[in-house]
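Here is the structure we will look at, set down as structure tokens.
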Amino acid sequence: MSEPRLVEVRRNVLKQNDVIARALREQFRAAGVFVVSLVSSPGSGKTTFLEKTLTQLQPRYRVAALVGDLATENDAVRLARSKAPVKQITTGTLCHLEAAMVQSALQEWDLHQLDFLFIENVGNLVCPSSYDLGENLRLVLMSVTEGEDKPLKYPTIFNSADVAVVTKNELANAVEFDWNAARTSIQSVRPGMQIFRLSAKTGEGMDEYLNFLSQKLAEQRAVAQVLSPSVRQVQ
Amino acid sequence: MHELSIAMSIVDAAVEESQRRGVQVSAVHLRLGALSGVVKDALLFSYEVACQDTPLEGSQLIVEELPVIVFCAQCQKERVLQSVQLFQCPECGTPTMDVRQGKELEVFALEVQEDEVQEHKVQESEVKE
């Protein structure tokens, strides 16, 4: 038998996911919908935070949410209280969402009827970091009860996110949360990342974050307008 | 733990490439960036499972781990990060998010048995992404 030969193939393992994610992003842009994905550890308050986000954006915007969960539909039931359209993606044993799941969940929805779409990933700070879902903004959530060094323990996911939200601020004093230490850890793994500190429960700090989202939606639409000024009229 | 599904994607990709070329694969070379979100040991463990009952059964996974390389705007140079917990230039301390390497999750090459390569082998230049 001869010597083994090395054949260069250079193939991105997640190519299939990336191709679908790119198509989704293009679809979102064309429809004028701004898509935010949420990642966090289990129990950080993602669902409460999302419920408040949906409720407070609703008077001004058309909003909807996709929720990834391992086995239950509890989150979707809770989010349905906001009266926004909510769809559950039950992942079974899979610890993260993939672009294909988002694509298939969105099939029956007319994205042109939406301003904001939120995608709540499975509670997990490891696996979701590898998968692009076509989102415009990835938001990483951490609560004050989790400790200031969470970003240092999960640098990859914090590094892959665009914005950090520190929640459950109403408990900050009780758990002696060190805000400066938290900010330092976040900036260490993701320099320049914008951070919002808020309490979904009391509403403190929510306005600043919601205004930021409004601004992002306006920016995206301004860019879409410049790129293809006639798109909206044609449709 | 998403390494098993990653391992299965690696096996799928390698099987497809080997069938296209009509070769038998003895090893798969993978480039794995420190920011890929994939753990090498978990991947090696999963690879064996993922290979079962496929043409790659018995093959080896060889992982080349790549550190994060960033560009420092201050030094105007590419620098290797000492740690993924600290995104700043190791020389001058300037924070940077200009990542030039580290997100790779790529089947880079296949080790194949030369004598099993068939006549109509695909030219390297024809190989597309």
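What to note about this one:
- Of the DSSP H helices in chain A, those with a Cα length along their own long axis of 30 Å or more and a mean Kyte-Doolittle hydropathy reaching -0.5 comprise A:206-227.
- Inter-centroid distance (Cα atoms) of segment B:52-91 relative to segment A:21-37, Å: 30 Å
- Cα-projected label distance for A:Ile195 with A:Asn74, points at 7 Å along beta-carbon direction, nm: 3.0 nm
- Contact order relative to length of segment A:29-110, as percent, for alpha carbon pairs under 8 angstrom and 6 or more apart: 25 percent
- Residue among A:Leu133, A:Gly192, A:Thr202 farthest towards the positive dipole end of segment A:88-215, charges placed on Cβ: A:Gly192
- Per residue convex hull volume, Cα atoms of the protein assembly as shown, in Å³: 175 Å³
- Across peptide A:10-20, the mean count of Cβ atoms from other chains lying within 10 Å of each residue's own Cβ comes to 6.
- Simple Cβ-charge dipole of segment A:21-76, Lys/Arg +1 and Asp/Glu -1, about Cα centre, in debye nearest 20: 360 debye
- The charge dipole of chain B, taken about the Cα centre with unit charges on the Cβ atoms of Lys, Arg (+1) and Asp, Glu (-1), comes to about 700 debye, rounded to the nearest 20.
- Normalised by the number of residues in chain B, the average gap of Cα pairs under 8 Å and 6 or more apart makes the relative contact order 34 percent.
- With a threshold of 30 Å on the Cα-Cα distance, the over-threshold entries among A:Lys168/B:Lys40; A:Lys201/B:Lys103; A:Lys168/B:Lys103; A:Lys83/B:Lys103; A:Lys150/B:Lys103; A:Lys83/A:Lys201 are A:Lys168/B:Lys40; A:Lys201/B:Lys103; A:Lys168/B:Lys103; A:Lys83/B:Lys103.
- The peptide list A:43-53, A:83-93, put in order of mean Cβ contacts within 10 Å with the highest first, becomes A:43-53, A:83-93.
- Per DSSP, loop trypsin sites (Lys or Arg not before Pro) in segment A:151-235 with at most 16 further Cβ within 10 Å: A:Lys201
- From phi via Karplus (6.51, -1.76, 1.60), per-residue ³J(HN,Hα) for segment B:33-38 in Hz, x at Gly/Pro: x, 5, 9, 6, x, 10
- Calculated P(r) tail over 26 Å for chain B, as whole % of Cα pairs: 37 percent
- Estimated FRET transfer efficiency when R0 is 41 angstrom, pair A:Arg62-B:Gln19 (beta carbons, to 0.05): 0.30
- Amide H partners (placed H, <5 Å) of A:Ile119, local residues excluded: A:Val36, A:Ser37, A:Leu38, A:Leu66
- If only the Cβ of Lys and Arg carry +1 and only the Cβ of Asp and Glu carry -1, the dipole of the protein assembly as shown around its Cα centre is close to 1680 debye.
- Full-extension gain in nm, A:Trp179 to A:Ser104, via 0.36 nm per residue minus C-alpha separation: 23.0 nm
- Applying both filters, DSSP loop and at most 15 other Cβ atoms within 10 Å, to the GluC sites (Glu not before Pro) of segment A:127-235 gives A:Glu176, A:Glu204.
- Relative contact order of chain A, pairs being alpha-carbon contacts under 8 Å that are 6 or more residues apart, as %: 23 percent
- Just the protein heavy atoms count here, and of the accessible area of the protein assembly as shown at 1.4 Å, carbon and sulfur take up 49 percent.
The values are calculated or read from the model by the stated rules, or taken from the named source; none is laboratory data. Please read these numbers as outputs of a predicted model, since none were measured by experiment. Every residue, glycine among them, receives a Cβ derived from its backbone with ideal geometry; neighbour counts consider all protein chains shown. To get the accessible areas, we keep the full protein, side chains included, count just its heavy atoms, and leave off ligands, DNA and RNA. Shrake-Rupley method; radii C 1.70, N 1.55, O 1.52, S 1.80 Å.
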